[in-house]
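Take a look at the structure set out below.
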Amino acid sequence: MRRTSAARHASAAIGWLILLVVLLFILVGYVILHHPYRSHPATLNRQKAQLHAIDAGLELFDNEFKGYPPSDANDVTGTPYCGAMKLAEATIGQDLVGCHRKSVFRADGLDPNSLAPLYTVGTFRARLGPFLAAETANAHKLVDIYGKGKTGAFPEDAVVLCDTFVRKLPSGKKVGMPILYYRADPSGTRHDPNKPDDPQNVYDYRDNLALIRLGVPGDPNAVHPLANPKRFYLNTRDHMVSGTSRPYRDDSYILLSAGYDGLYGTADDICNFDWRYREC
């Protein structure tokens, strides 16, 4: 009788174990199938391909201009003109037909000496590029993304490169979020989440901060987590370097897409390095 009871208990335990394993597989399968990357693999692949194309375009720019474009929050006159906008000018120009040889990345697109406009139909021969195909650039004006009267200190017609995670916005346009660009300062020696304003940091989180602070189109209450400078430095830290805090790509630049959720600084962001998401 004892053997029969023990056998029944063992059989019941095995049955429960099998049921738990089946439920676990169902749960894992559900998570995988409903993960945004799984649901939209083609969009994810297009985004990675776009970042690769931008990488190639910036290398062409570097060959011609002997350096990567700047990414400072302002231009040389102090006018707001962030990294994302300078990336667009470098790869396709302010009018999408190439970067002018004399450009110093002024928001107004003027010659630094004569103050004549650089981006006109009469200056095509002085252009280099475009270094990025139009269909890959996915270029849009800020007003297409954020709407009229909602572009802050930036002009509404400023051009940025947008990611491939297209969504219908209040402007009526179907547009992705701007791709952020940060150029490294190779002379920098630090990458300190606790001292974000340290001038010795290789990267400056402020390069795109004003753009990030424009918020999330169509959701006035949403805030991009990357607006927190600590989030920027933690998530761009090279996890392969031990003993000191160093960023990824400390001799070149960072590209960052907001990913499927449209929020900068979350786990689904896509970059030109191995994004390792870390909470603050």
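Each reported figure results from applying straightforward, stated rules to the coordinates on display, with no laboratory input. Just so it is clear, the model here is predicted, and its values are computed rather than measured. Every residue, glycine among them, receives a Cβ derived from its backbone with ideal geometry; neighbour counts consider all protein chains shown.
Along segment 210-215 the Karplus relation, 6.51 cos²θ - 1.76 cosθ + 1.60 evaluated at θ = phi - 60°, assigns HN-Hα couplings of 4, 5, 4, 6, 5, x Hz to successive residues, with x for each Gly and Pro. Taking a sphere under 10 Å around the Cβ of residue 123 and counting the other residues whose Cβ falls inside, with K and R at +1 and D and E at -1, yields a net charge of +2.
Residues whose amide H comes within less than 5 Å of that of residue 253, counting only those at least five positions distant or on another chain, are 184 (H built at 1.01 Å from N in the peptide plane). Computed from phi, the 3J(HN,Hα) profile of segment 71-87 under the Karplus parametrisation 6.51, -1.76, 1.60 (θ = phi - 60°) reads 9, 4, 4, 10, 8, 5, 9, x, 7, x, 7, 7, x, 4, 6, 5, 4 Hz, with x in place of Gly and Pro.
Estimated from helices alone, the mean residue ellipticity of the chain at 222 nm is -10000 deg cm²/dmol (sum of -39500 (n - 2.57) over DSSP H runs with n ≥ 4, per residue). Measuring between their Cα centroids, segment 229-252 and segment 69-117 lie 28 Å from each other.
With a threshold of 18 Å on the Cα-Cα distance, the over-threshold entries among 86/195; 48/150; 148/168; 86/148; 86/150; 86/141 are 86/195; 48/150; 86/148; 86/150. Coupling constants for segment 162-177 follow from the phi torsions by the Karplus curve (6.51 cos²θ - 1.76 cosθ + 1.60, θ = phi - 60°), and in residue order they are 9, 6, 8, 7, 6, 9, 6, 9, x, 5, x, 8, 9, 9, x, 8 Hz; glycine and proline get x. Note on the chain: dipole from Cβ charges, positive end direction compared against 51, 158, 79; the farthest Cα belongs to 51. Amide H to amide H distances under 5 Å link residue 111 with 116, 118, where only residues 5 or more positions off or on other chains count and H is placed in the peptide plane.
Rg and Dmax of segment 138-193, both derived from C-alpha coordinates alone, stand at 14.7, 45 Å.
Axis angle, to the nearest 10 degrees, between helix 2-34 and the longest C-alpha principal axis of the chain: 10 degrees.
Out of every Cα-Cα pair in segment 183-273, what percent are more than 19 Å apart? Summing the P(r) of segment 183-273 above 19 Å gives 38 percent of all pairs. About the centre of its Cα atoms, the chain shows a dipole size close to 1200 debye [charges on the beta carbon of Lys, Arg (+1) and Asp, Glu (-1) only; nearest 20 debye]. According to the Cα-based calculation, Rg over Rh for segment 42-271 is 0.95, with Rh computed by the Kirkwood formula.
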